[in-house]
Amino acid sequence: EEEGPTVGAALGAFVDPSPESCDVMATTTIQNAIDTAVAGNTVCVPDGTFNEDVNINKSISLIGSGATSTTVINGQAGGQVGAVGIAADSVTVSGFQINAAAGSVAALRITGAHTGATVSSNKITAGNGGGAVDTVGGQSNHTFSNNEFVGSAGAPIVYVNGLASVNVASANVDFTQNTFS
């Protein structure tokens, strides 16, 4: 019997990374592991709740243990930061529950004009008054796949800014197999 196509995020299909695929393991904080990593590394984050804002400022892969498990990032600062901020090209973020702090513009924020982000298999939840995902303009060649985006009243769930933000249009930002609520 043939099944129809999958519609929406299938978060349970995420496969935990094998230890040998990890260049750096987060032991105390995720930010400390990111700071230790070099471009091209895979930073793996075990199950746990991490109450911190994470700034990914180099081309790395940040991999959790799955959005349906207990790898949780709870944002702290609010404002323009985001619980997870992407500030580099060619960044991958997969396998997390990402929760924005109250008053944050978004749970995940791309903070400059960047290219090549892959955001997959996450549950990304807005804080009070903000969105799940927000970017400045100038985004290109990003893929958001197999995520669950949870919004809050009065704000867009996902907002990819364009020309008005940094006077650079955004292009080729693709969303496939996601769930929006």
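The values are calculated or read from the model by the stated rules, or taken from the named source; none is laboratory data. In this text, all values refer to a predicted model and were calculated from it rather than measured experimentally. Here Cβ is always computed from backbone atoms with ideal geometry, including for glycine, and neighbour counts include all displayed protein chains. SASA here: full protein model, heavy atoms, side chains in, ligands and nucleic acids out. Shrake-Rupley method; radii C 1.70, N 1.55, O 1.52, S 1.80 Å.
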Please tell me if Lys123 is in contact (Cβ under 8 Å) with a residue 40 or more places away in the chain, of a type in the set (D, E, K, R) and open to solvent by 30 Å² or more (accessible area, probe 1.4 Å). yes
Selection from region 65-93 of residues polar (S, T, N, Q) and crowded, with 21+ Cβ neighbours inside 10 Å yields Thr71
What's the number of the only condition in (1) over 23 Å from Thr176 (Cβ atoms); (2) surrounded by 19 or more Cβ atoms within 10 Å (Cβ to Cβ); (3) among the basic types (Lys, Arg) that Lys58 fails to meet? (2)
Check Phe50 against each of (1) open to solvent by 60 Å² or more (accessible area, probe 1.4 Å); (2) more than 13 Å from the chain's Cα centre (by Cα) and name the one condition it does not meet. (1)
Please identify the pairs in which a residue from region 47-66 that is at positive phi has its Cβ atom under 9 Å from the Cβ atom of a residue that is open to solvent by less than 40 Å² (accessible area, probe 1.4 Å) and among the aromatic types (Phe, Trp, Tyr), counting only partners at least 6 apart or on another chain. Gly66/Phe96
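Per-residue answers, yes or no, for (1) among the β-branched types (Val, Ile, Thr); (2) out of contact with any Ser or Thr (no Cβ under 6 Å at 6 or more places or on another chain); (3) open to solvent by less than 50 Å² (accessible area, probe 1.4 Å):
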{"position": "Gln139", "(1), (2), (3)": "no, no, yes"}
{"position": "Asn146", "(1), (2), (3)": "no, no, yes"}
{"position": "Ala153", "(1), (2), (3)": "no, yes, no"}
{"position": "Pro156", "(1), (2), (3)": "no, yes, no"}
{"position": "Tyr159", "(1), (2), (3)": "no, yes, no"}
{"position": "Val166", "(1), (2), (3)": "yes, yes, no"}
{"position": "Ser170", "(1), (2), (3)": "no, yes, yes"}
{"position": "Phe175", "(1), (2), (3)": "no, yes, no"}
{"position": "Ser181", "(1), (2), (3)": "no, yes, no"}
Considering region 126-166 alone, what residues qualify as being touching a helix residue (DSSP H, G or I) at 6+ places or on another chain (Cβ under 9 Å) and either part of a loop (DSSP other than H, G, I, E, B) or without any contact (Cβ under 8 Å) to a residue 12 or more places away in the chain (or both)? Val136, Gly137, Gly138, Asn146, Asn147
Could you give every pair whose Cβ atoms fall below 6 Å, whose first residue belongs to region 79-108 and is within 19 Å of Lys123 (Cβ to Cβ), and whose second residue is in a loop (DSSP other than H, G, I, E, B) and of a type in the set (Val, Ile, Thr), counting only separations of at least 6 or pairs across chains? Gly85/Thr111
If you go through region 99-113 one residue at a time, do you hit one that is open to solvent by 30 Å² or more (accessible area, probe 1.4 Å), on the phi > 0 side of the Ramachandran plot and of a type outside the set (A, V, I, L, M, F, W, C)? yes
